[in-house]
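Peer 1: Attaching a single structure in structure tokens format; questions to follow.
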Amino acid sequence: MASRLSQEEENYVRMSLLLTGISPRAARALFDREFAPKFLDSSLKREYNILKDLQKKRIINQSQWNLLFPRFPDVPDSKTFDITLIITLLRNLTNLNPPHGGYDRLPSANETTATSDLARIKYYRNFLAHLDEGKIDNTEFITAWDIVTDAIDRLGGQPMKQECNNLKVKILHQSNQEIILDIKRSNDEIMELKSQWLA
């Protein structure tokens, strides 16, 4: 790997860090408002039949199931849930209205509900998963960054928005090789996300 990333590669690294580091926490903030952490175990047990049906339909995989229903004495903790599982639970266990175009399309700019913000994050994670070369041109990056960080701001609040602002200008050092490796590992999760959204 070259010692210096191109601007397009740097854009990819920043977007990957945004979508795998900050956006899952923003989605979790919404999740924890819908499912109080203190009562998460009992909430999930109440919805066992719905969740079992989602597992049978392969919308929830075995590793996610183990997070929802860990072995005693462990209890479920939303901090262990990936964004795919968070969105699946919000979609299927809450009364939140879905975005106008559903969860699989990029919502219009004037739709600013929590579920439309989840759809934006999902859309750009899929976008990232389809990039084979690990590069994003500047125009696409600016558009995507603004859309995703606005969604993060609405879901997670001003401190997360500030993290996004810091990440956008942070100097990326040679540890980028490690970052790129982390991103490649995260892409496995993103590929799983694509298969999960057939619900």
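Peer 1: So, in Å, what gap is there between the alpha-carbon centers of segment 32-98 and segment 129-160?
Peer 2: 26
Peer 1: Less than 18 Å apart at the alpha-carbon level, and either on another chain or at least 8 residues along: which aspartates and glutamates does that give for Lys57?
Peer 2: Straight-distance partners of Lys57: Glu47, Glu192.
Each value in this text was obtained by applying a stated rule to the coordinates, not by laboratory testing. Fair warning: this is a prediction, and the values are worked out from it, not measured in the lab.
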